Amino acid sequence: MSETGPETGPGTLSAREVGTHTVANTTLLDERLVMAYATSINDQNEAYFDDTRPGGLNVHPGIVFSLQWNSRFRPGQPVNMRAAPYGVHAHTDLSIVRPFSCGEAITTQGRLIARQQIPPGVYSVERYTMRDAKGDVIAVLDYNGITRGATLEGDNVRIDDDVPEPAFEPTSEGEPDWIDHIHVPRHAGQQYTECARIYNPIHTERSVALAAGLPDIILHGSATKAMALSSVIQHCFEGDARRITRLSGQLRAMVLMNTDIRVVCHQVSDDETERKIRFSVLNQDSKPAIANGFVVGHL
């Protein structure tokens, strides 16, 4: 990434980097990793832990966040340490072609597909494609972020389109279909870090979080989203993660440790083959930690 401009702040990001790829990283989804990811979010579903069940372990779809994190580096491009502290995770959109299987090797590689100037800074979209050993696509994750205060060097550019969102029937916002209350324990950041293999010290070390201007260590956005998906799977898909084909949502307010969050289901609608759910997550201050969330899965 480029680094020009004033000596303070995030500096500039280059539009010329759009189209570049991250390193391709292969991960074996063995029993240890599958169980560890479910443990990272305190999911109690036996399908992730009982390896004697017919068909073996189910794999929580949130494991894509671990795969993405460990393939995010770009060979030949040094990490922009100046801009990095100003980056925030804004939105993710996951499309699943088929369920992940325990025991298979998944190769993940990302590509920067868009950069544009927006009022808060520079908006970037990375698309991570996950393939099995045959090269077949298993899942695609769009990971969108904002580098606050940064300036884009060059014109706005996009080389691939967003995945269209599903259509929901219009509905008045009445009582929720259901609400799940989830406690976020004091050690949630450390637990998710180690079990999901996603390390950023703002989630584990209070000194780093405070130095970054945060009130305390905060929960990973991907952990919040995975917890919400677990609730949706239990309530709407009979605990069967293999039915999930889509997960999307915007990350907003912070989630602190030793607090309670609420997963709110706003709508469930079925057609001939699919079930669609609209949800949000409210943090300890009743502010949306995840907004405009939706899940799609097979009936």
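Quick notes
- Enumeration of residues in region 56-66 that are among the aliphatic types (A, V, I, L, M) and part of a helix (DSSP H, G or I): Ile63, Val64
Okay, residues lined up against (1) within 17 Å of Thr26 (Cβ to Cβ); (2) touching a His at 6+ places or on another chain (Cβ under 9 Å):
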{"site": "Val64", "(1), (2)": "yes, no"}
{"site": "Arg82", "(1), (2)": "no, no"}
{"site": "Pro85", "(1), (2)": "no, no"}
{"site": "Leu94", "(1), (2)": "no, no"}
{"site": "Pro99", "(1), (2)": "no, no"}
{"site": "Gly103", "(1), (2)": "yes, no"}
{"site": "Leu112", "(1), (2)": "no, yes"}
{"site": "Arg115", "(1), (2)": "no, no"}
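- Output for region 130-149, where each listed residue is within 14 Å of the chain's Cα centre (by Cα) and either at positive phi or of a type outside the set (A, V, I, L, M, F, W, C) (or both): Asp142, Tyr143, Asn144, Gly145
- Count - residues of region 100-117 that are surrounded by fewer than 17 Cβ atoms within 10 Å (Cβ to Cβ) and not in a strand (DSSP E or B): 2
- Region 67-89 residues that are part of a strand (DSSP E or B), paired with ones that are of a type outside the set (Val, Ile, Thr) (beta carbon under 7 Å, 6 or more apart): Gly87/Gly145; Val88/Gly145; Val88/Arg148; His89/Gly145; His89/Gly221; His89/Leu251
- Total residues in region 17-41, condition touching a strand residue (DSSP E or B) at 6+ places or on another chain (Cβ under 8 Å) and not β-branched (Val, Ile, Thr): 8
- Counting only residues that are at pLDDT 95 or above, more than 17 Å from the chain's Cα centre (by Cα) and surrounded by fewer than 18 Cβ atoms within 10 Å (Cβ to Cβ), region 270-299 holds 9 of them.
- If the condition is being assigned to a loop (DSSP other than H, G, I, E, B) and more than 25 Å from Thr129 (Cβ to Cβ), then region 23-55 contributes Asn42, Asp43, Gln44, Asn45, Phe49, Asp50, Asp51, Thr52, Arg53, Pro54, Gly55.
- Restricting the first member to region 219-248 and to residues that are on the phi > 0 side of the Ramachandran plot, and the second to residues that are of a type outside the set (Phe, Trp, Tyr) and in a helix (DSSP H, G or I), the beta-carbon pairs closer than 8 Å and six or more apart or on different chains are Gly239/Ala47; Gly239/Ile233.
The values are calculated or read from the model by the stated rules, or taken from the named source; none is laboratory data. Just so we're clear, the structure is a prediction, and the values are computed from it rather than from any experiment. Cβ: placed from backbone, ideal geometry, glycine included. Neighbour counts: every protein chain shown.
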